[in-house]
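Chemist: Have a look at the structure that comes next, please.
The values are calculated or read from the model by the stated rules, or taken from the named source; none is laboratory data. Nothing here was measured: the structure is a model prediction, and the numbers come from that model. Reconstructed Cβ throughout: ideal geometry from the backbone, glycine too, with neighbour counts over all protein chains shown. Note: areas computed on protein heavy atoms with side chains; ligands, DNA, RNA excluded. Shrake-Rupley method; radii C 1.70, N 1.55, O 1.52, S 1.80 Å.
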Amino acid sequence: TINAMDPYVILKVSNQVAETRFIPNTMNPVWNETYDFLCADFDQRPMFEVWDYDTLNFDSFVGRAACSWREIFDSGFRGLWLNIHLE
């Protein structure tokens with residue numbers, strides 16, 4: 001599909017990092033994946049970096065988003081939508 005991506009997300013909390021699988025050919029990915037992070041400070045903001053997977057070249061950085069732990073807790077740990085700041 002033209003203009004579709006193969007997006008994946010790198011999640012960062014302090015020095016902890018996790019990466020989702022990439023989802024081919026979509027602009028509306030849904031991962032339904034679970035990750036565990038050790039959080040000693042609720043002032044830390046989880047960071048989400050969106051990347052476009054590319055088999056032949058380097059992956060392309062799309063943008064990033066951050067949220068508070070309160071937003072995650074209030075979402076019930078599912079269905080949280082974040083605005084991606086494009087770069």
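Chemist: Enumerate by residue number the trypsin sites (Lys or Arg not before Pro) in the stretch 26-87 meeting two conditions: DSSP loop (anything except H, G, I, E, B), and at most 11 other Cβ atoms within 10 Å of the site's Cβ.
Modeler: Numbers: sites: ARG64, ARG70, ARG78; in loops: ARG78.
Qualifying residues, ordered by number: ARG78.
Chemist: Before I look further, what does the chain give for accessible area per residue, probe 1.4 Å, in whole square angstrom? Intermediate values should be presented prior to the final figure.
Modeler: Values: 6550 Å² over 87 residues.
On a per-residue basis, 75 Å².
Chemist: Using modelled amide H (1.01 Å from N, peptide plane; none on Pro or chain starts), what sits under 5 Å from the amide H of VAL17, excluding residues fewer than 5 places away?
Modeler: none
Chemist: Could you list log10 I(q)/I(0) for the chain at q = 0.14, 0.16, 0.21, 0.23 Å⁻¹, which the Debye formula gives when each Cα is one point scatterer?
Modeler: Each listed q maps to, in turn, -0.52, -0.67, -1.10, -1.28.
Chemist: With just the Cα atoms of the stretch 1-42, tell me how far they stretch along each of the three principal axes, in Å, largest first.
Modeler: 43, 16, 15
Chemist: For the stretch 70-75, just list the computed ³J(HN,Hα) in residue order, Karplus coefficients 6.51, -1.76 and 1.60, θ = phi - 60°, integers in Hz, with x standing in for Gly and Pro.
Modeler: After applying 6.51 cos²θ - 1.76 cosθ + 1.60, I find 4, 4, 5, 4, 5, 7 Hz.
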